[in-house]
Structures are given as structure tokens and as C-alpha cells.
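The values are calculated or read from the model by the stated rules, or taken from the named source; none is laboratory data. Predicted model, so just to flag it, every value in this text is computed and none were measured. Don't worry about glycine lacking a Cβ; one is built from the backbone with ideal geometry, like all the others, and counts go over all protein chains shown.
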Amino acid sequence: MSKRRSRIDIVNDILEAIERKGHKIKPTHLMYKSNLSHKLMSNYLEELIGKEMVKEIQDKGHKYLIITDKGLEFTFKFRKMREFADSFGI
């Protein structure tokens, strides 16, 4: 049985999904890649946009989400934290 994701894991999953897609992704694609309902994803995005980790842009009539430098810094530090914990078997 799998463990539920923590809030910080979900934030990291959202940011990594944007990063993996080339730093720009459509909202629907992000919803599927981060495995969230529309309502949950909207709540997380509202917070991430407010914290300037993600920005919404319009390009050729489509809405995209892009990861900011602050969001990239979060994913980098989160990976380091996870590597540190793993090195101790935590």
C-alpha cells in the first residue's frame, strides 16, 4: 500500500513536472503529470503563483505555466534535502 504524499512532496511534484516539460506546460498536462484533481491543482497553483515560484503566461492563445528561478531553486534544494536524508536511510 502506498503512502500519501505530503504537501511538500506535492509542491515538488508540480514544480518538477513543469521543469521536466521544458520549464513550460499547459495546465491540463500539469494536472495529469502531478496526479491531482483540478480543484487541488488550482489550490496549489494559486499558492505557488502567490509565492512567485510559478507564473502564468499566454502564448499563441494558450495558457501555460512556467517555473521561475525561485521554483527551480526550491526543486534543487529539495533534491539535496532528499539525498541527505537518503544517505542516512531516513
*asked:* Any residue in region 2-31 that is under 29 Å from Lys60 (Cα atoms) and touching a residue at least 40 places away in the same chain (Cβ under 8 Å) sitting within a Cβ distance under 8 Å of a residue that is of a type in the set (Lys, Arg) and in a helix (DSSP H, G or I)? List the pairs, counting only those 6 or more apart or interchain.
replied: Ile25/Lys33
*Please determine, by comparing only the residues of region 36-63 that are part of a strand (DSSP E or B), modelled with pLDDT of 95 or more and among the charged types (D, E, K, R), which one is nearest to the chain's Cα centre (by Cα).*
Lys55
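For (1) within 22 Å of Arg4 (Cα to Cα); (2) in contact with a strand residue (DSSP E or B) (Cβ under 8 Å, 6 or more places away or on another chain), each residue gets a yes or a no:
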| site | (1), (2) |
| --- | --- |
| Ser37 | yes, no |
| Tyr44 | yes, no |
| Glu52 | no, no |
| Tyr64 | no, yes |
*Do the conditions hold for Ile66, that is, is it modelled with pLDDT of 95 or more, surrounded by 14 or more Cβ atoms within 10 Å (Cβ to Cβ) and in a strand (DSSP E or B)?*
yes
